[in-house]
Amino acid sequence: MTHCCHVSCAMIDLYFQEKGDRRMNLLAIEEHDGEGVFPLFKKGAVVSDLKEDNEYPVYPHWLSCVIDGYETYIPEIYVVDGILTQDYNPTELIVEKGQKLVLIDIVFSWLYVKDENGKEGWLPASKVISIKGE
């Protein structure tokens, strides 16, 4: 399921509707450093200390939290009554400017992507542009 609140995400949604394909090729237009590697948290995990993070107001609908002892961020739609509603890995993908990626999912203003080596992770939508497939 695709969720978004950003104009560029709406355009990506339209692309998916027209193509009937969930893949879109992307190009990183600036580098991104992640905040560490996290395990996969399974559906049903307890999510505690949920709160809006005023440090990053440009990312609405994302909450800071603790899952299995890890401090991280989570899209508000992934948690109901303090319980994770689906499997979730909050690892951000480390990318270099010019790196090619494939879009897997969109959640608000963040994209879940895969790089050419098969590594997956989150990346802000503002750090990529779409490119034609090869």
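Looking only at segment 63-83, residues that are of a type in the set (A, V, I, L, M) and surrounded by 16 or more Cβ atoms within 10 Å (Cβ to Cβ) come to 4 in all.
Quick grid of which residues meet (1) loosely packed, with under 14 Cβ neighbours inside 10 Å; (2) in contact with a Gly (Cβ under 8 Å, 6 or more places away or on another chain); (3) free of Cβ contacts under 8 Å to residues at least 24 places away in the same chain:
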position: Leu26; (1), (2), (3): no, no, no
position: Pro39; (1), (2), (3): yes, no, no
position: Tyr59; (1), (2), (3): no, no, no
position: Gln86; (1), (2), (3): yes, no, no
position: Val107; (1), (2), (3): no, no, no
position: Tyr112; (1), (2), (3): no, yes, yes
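A single member of Gly69, Gly98, Gly121 is touching a residue at least 40 places away in the same chain (Cβ under 8 Å), among the small types (Gly, Ala, Ser) and under 20 Å from Val37 (Cβ atoms), and it is Gly121. Checking the stated criteria, Tyr59 turns out not to satisfy the condition of being modelled with pLDDT of 95 or more and among the hydroxyl-bearing types (Ser, Thr, Tyr).
Note on segment 114-134: among residues that are acidic (Asp, Glu) and exposed (fewer than 13 other Cβ atoms within 10 Å of the Cβ), the one that is modelled with the lowest pLDDT is Glu134. Residue count for segment 61-80, restricted to those that are over 13 Å from the mean Cα position of the chain (by Cα) and over 20 Å from Leu40 (Cα atoms): 0.
None of Lys43, Lys97, Lys51 is of a type outside the set (Gly, Ala, Ser) and outside any loop (DSSP other than H, G, I, E, B) except Lys51.
The values are calculated or read from the model by the stated rules, or taken from the named source; none is laboratory data. The structure displayed is predicted, hence computed values, not measured ones. Cβ atoms come from the backbone with ideal geometry, glycine included; neighbour counts cover every protein chain shown.
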